[in-house]
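First, the structure itself, so that you have it in front of you.
Computed from the coordinates by the stated procedures, all read-outs in this text should not be read as laboratory data. Keep in mind that what you see is a predicted model, and the values were worked out from it rather than measured. Cβ coordinates were reconstructed from backbone atoms using ideal geometry, including for glycine residues, and neighbour counts include every protein chain displayed.
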Amino acid sequence: MSLVSPHDIHRIQALQPGQFALPSLDWHTHQLLEDSPRLRKSIACIRTILINHGLRSVADHLDVDDSKPWPTRMEELQRGIITRMQDYLGHPSTAVLIEVFHMVQLWGGASGRNIYVRSGGFQQNFDCGAYASFAMAASSRGETLEQRIKCMIRAANQISHWGPSFATKHSRFWGEAAGAAAMPIYDRNIARGCLGHRIVRWVDYPQYVRDLTAAAERREVPSELLERSMFNFFASPAGQEWLELRTGRA
């Protein structure tokens, strides 16, 4: 693992594609998602899509109280997701499973809209059995990392318009809900910033999970704290510069 100062332009530029690297940050303090116009617009967009598809009850899991900071609302939604996942794990129910799926899509924002708006919409694109298998693999505490990821990929590939950027948001929460080893999110910013890859591919995910887990153990912090620090950093101006130095402009 390479640990690089966000200010060391030459070292960042020297990182090779596929080389795992992290910006040196404060990883010991819990962080909320950073508030931003982009976050608000993204969540508002997916919430509207859910409402337009008859899913207001899901959209209303996000507190609409404008006096409450957006990061706090997102944290509350995340806790609600974990609770509903635990409900499902304790008493499996198709209705709860589908509700959980929509809740995570809401948390993830507008980039998860395609499953609702393309190729005939959600009913045509979603496979409940495949998602149940995905949830089982992501929440497993008895299988190896490789077994879990292999099962996750096989299941995810049966759901249209649902790639690793969003599927790993789901695996992240299923793992936490079950108290299983972390299955972190692997989206475009993470792929670019940590591995120098412009495209998010399942084939790179096992390496990312192993490297992130090892980095967290070495720094003696939970991988979830490390993950959130990176999300916030890559959304910042300094983080955007890091991404451009590793892979060029988006």
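Can you spot the lysines whose alpha carbon is less than 25 Å from Lys150's alpha carbon? Ignore those fewer than 8 places along the same chain.
Straight-line reach from Lys150, under 25 Å: Lys169.
Given a Förster radius of 30 Å and the C-beta distance between Ala132 and Gln16 as r, what FRET efficiency does 1/(1 + (r/R0)^6) yield to the nearest 0.05?
That gives a FRET efficiency of 0.15.
Starting with the highest mean, order 171-181, 202-212 by the number of other Cβ atoms within 10 Å, averaged over the residues of each peptide.
Going from most to least packed, we get 171-181, 202-212.
Where does helix 128-138 land angle-wise versus the long Cα axis of the chain, in degrees 0 to 90, nearest 10?
40
Could you work out how far the C-alpha centroid of segment 112-163 sits from that of segment 42-97, in angstrom?
First find each Cα centre; the distance between them is then 19 Å.
What list of ³J(HN,Hα) couplings, whole Hz, do you get for segment 143-150 from phi and the Karplus terms 6.51, -1.76, 1.60, once you set θ to phi - 60° and write x for glycine and proline?
Taking θ as phi minus 60°, the curve returns 9, 6, 4, 4, 5, 4, 5, 4 Hz for segment 143-150.
By how many nm would the segment from Glu244 to Asp8 grow when fully extended, if each residue of separation counts as 0.36 nm and the alpha-carbon distance is taken off?
Extra length from Glu244 to Asp8 when fully extended: 83.6 nm.
A further question on this structure: Label points 7 Å out from Cα along the Cβ direction at Ser24 and Arg210: separation in nm?
Taking the two extended label points, one gets 2.7 nm.
Name the long-range amide H neighbours of Gly196: under 5 Å, sequence gap of 5 or more, or other chain; modelled H, no Pro or chain starts.
Gly18
Does segment 184-250 classify as rounded, prolate or oblate by the C-alpha gyration tensor (a ≥ b ≥ c root eigenvalues; a/c under 1.5 gives rounded; else a/b over b/c gives prolate, otherwise oblate)?
Taking the square roots of the gyration eigenvalues as a ≥ b ≥ c, segment 184-250 is oblate.
To the nearest 10 degrees, how steeply does helix 237-247 sit against the main Cα axis of the chain, on a 0 to 90 scale?
Helix 237-247 and the main axis of the chain meet at about 80 degrees.
On full extension of the chain, what length is gained from Val203 through Gln147, given 0.36 nm per residue of separation minus the C-alpha to C-alpha distance?
18.8 nm is the gain from fully extending Val203 to Gln147.
Between Gln158 and Val117, what is the spin-label point distance in nm, taking each point 7 Å from the Cα along the Cα→C-beta axis?
Inter-label distance under the simple model: 2.8 nm.
Let me ask something else. So how far apart, in nm, are the two label points at Asp60 and Glu217 if each is 7 Å from Cα heading toward Cβ?
Those two pseudo-labels are separated by 4.6 nm.
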